[in-house]
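Coordinate-derived values only; no laboratory data. The model shown is predicted, which means the values in this text are computed figures rather than measured ones. So basically every Cβ, Gly included, is an ideal-geometry build from the backbone, and we count neighbours across all protein chains shown.
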Amino acid sequence: MDYFDFNMHLPFDQLGATPRDEHPRAQSNQTISVSTAFHPDVHIDNIYPDIMLVSSDQVFFHVHLHRLLSASDNGFNALLPPPPDGSGLVPIVVLPEPAEILNIALHAIYNVPASQYAPSFETLSGTLDMLMRYGIPPARMVLPPTPLYALLLSHAPLRPIDTYALAAAHSLEDLAVAVSAHLLSFSLPALTDELAARIGAHYLKRLFLLHHNRLTALKQLLLQPPAAHVDTPACGGSEQRRLTRAWALAAAHLVWDARPNLSMNMLQAALRPLERDLTCELCAFALRDRIAVLITDWSAVKVRRPLALVDS
Ligand SMILES: [Zn+2]
């Protein structure tokens, strides 16, 4: 993230608080880093920042006490409001979190976008942990269309199971449902004990049901063979049953190792070749028609809201 580097006196001068030579840390003439987003001029609700939070790596964030207190259930981990020290200075509260995480947490509290920082998955995970510690349940903030929700969801395509585990750990229902669309390709045997523990019983069950129900739907769709046609001199019941048997065999192969995200191309690649063995034009037409309907039905199954289908 970006910071302003200031001589220590600047925030106090701009706040109209105390001359710099009266502030003990200003006397060293040291340079400090100030958040570009939460700087001394951020005027919110007609109020200038009235408290400074300092990250573990010494970045100053100028924020508003009323915003932090109204978001938190536990007085910002019992740190706010700070006891008056009689100095008249804007209070400074030092936190153990690094600027990277504190910055995203504050953007969430102020409900402003933080996508410009492109926070990593680990930073976002740390941000949710921080919000919990400071009495701000993520379930209250990570809702569509908040910027924090969008940021977390942006990691779903590349880190689907991790994002799902994070959503599960914090009971972020909307996020879990949205992420589950990316879990259709996930290989369930790849689940480690540690990951399963993080996800927890409730969301783990839903993940298994998601896969189970998709595959059940696929099997049911494949059970239906191409329609029979009226017997002709060249193609009667026994000839048509050959196509039915060939279809059943191809369907069994497909289901054997299919994933819930089985593509339309794979379906077509497995079933289209059956036409090569057909000499009857009516059978070929029935096969093409059945494949077309199957593709349509399977694509409809795939786009359903995944977890909503299998909620327990
Ligand atoms: Zn035929």
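If the condition is being more than 16 Å from the ligand (Cβ to nearest atom) and not aliphatic (A, V, I, L, M), then the range 264-286 contributes ASN265, GLN268, ARG272, PRO273.
This table checks each residue for (1) farther than 18 Å from ILE104 by Cα; (2) under 28 Å from the mean Cα position of the chain (by Cα); (3) without any contact (Cβ under 8 Å) to a residue 40 or more places away in the chain.
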site	(1), (2), (3)
ILE47	yes, no, yes
SER55	no, yes, no
PHE61	no, yes, no
ASN74	yes, yes, no
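For the range 159-250, the helices (runs of 4 or more DSSP H) that sit wholly inside it and include 2 or more residues that are surrounded by 19 or more Cβ atoms within 10 Å (Cβ to Cβ) and over 20 Å from the mean Cα position of the chain (by Cα) are 193-223. Here ALA250 fulfils each of the conditions (1) away from the ligand (no atom under 16 Å from the Cβ); (2) touching a residue at least 40 places away in the same chain (Cβ under 8 Å); (3) out of contact with any His (no Cβ under 7 Å at 6 or more places or on another chain) apart from (2).
For every residue, the table says whether it meets (1) among the aliphatic types (A, V, I, L, M); (2) closer than 19 Å to SER115 by Cα.
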site: PRO145; (1), (2): no, yes
site: LEU152; (1), (2): yes, yes
site: ILE199; (1), (2): yes, no
site: TYR203; (1), (2): no, no
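For the range 193-200, state whether one or more residues are in contact (Cβ under 8 Å) with a residue 24 or more places away in the chain and not hydrophobic (A, V, I, L, M, F, W, C). Yes, that holds for at least one residue. The set of residues in the range 204-247 that are within 13 Å of the ligand (Cβ to nearest atom) and touching a Ser or Thr at 6+ places or on another chain (Cβ under 7 Å) contains only PRO225. Do we find a residue being under 40 Å from the mean Cα position of the chain (by Cα) and within 16 Å of the ligand (Cβ to nearest atom) anywhere in the range 254-263? The answer is no; no qualifying residue exists. One residue is enough: does the range 291-312 have a residue meeting the conditions within 16 Å of the ligand (Cβ to nearest atom), surrounded by 14 or more Cβ atoms within 10 Å (Cβ to Cβ) and aromatic (Phe, Trp, Tyr)? No, because not a single residue in the range 291-312 is within 16 Å of the ligand (Cβ to nearest atom), surrounded by 14 or more Cβ atoms within 10 Å (Cβ to Cβ) and aromatic (Phe, Trp, Tyr).
Listed by first and then second residue, the pairs with beta-carbon distance under 8 Å, at least 6 apart or on different chains, first residue in the range 268-292 and in contact (Cβ under 8 Å) with a residue 60 or more places away in the chain, second in a helix (DSSP H, G or I) and within 12 Å of the ligand (Cβ to nearest atom), are ALA286/LEU243; LEU287/LEU243; LEU287/GLU275.
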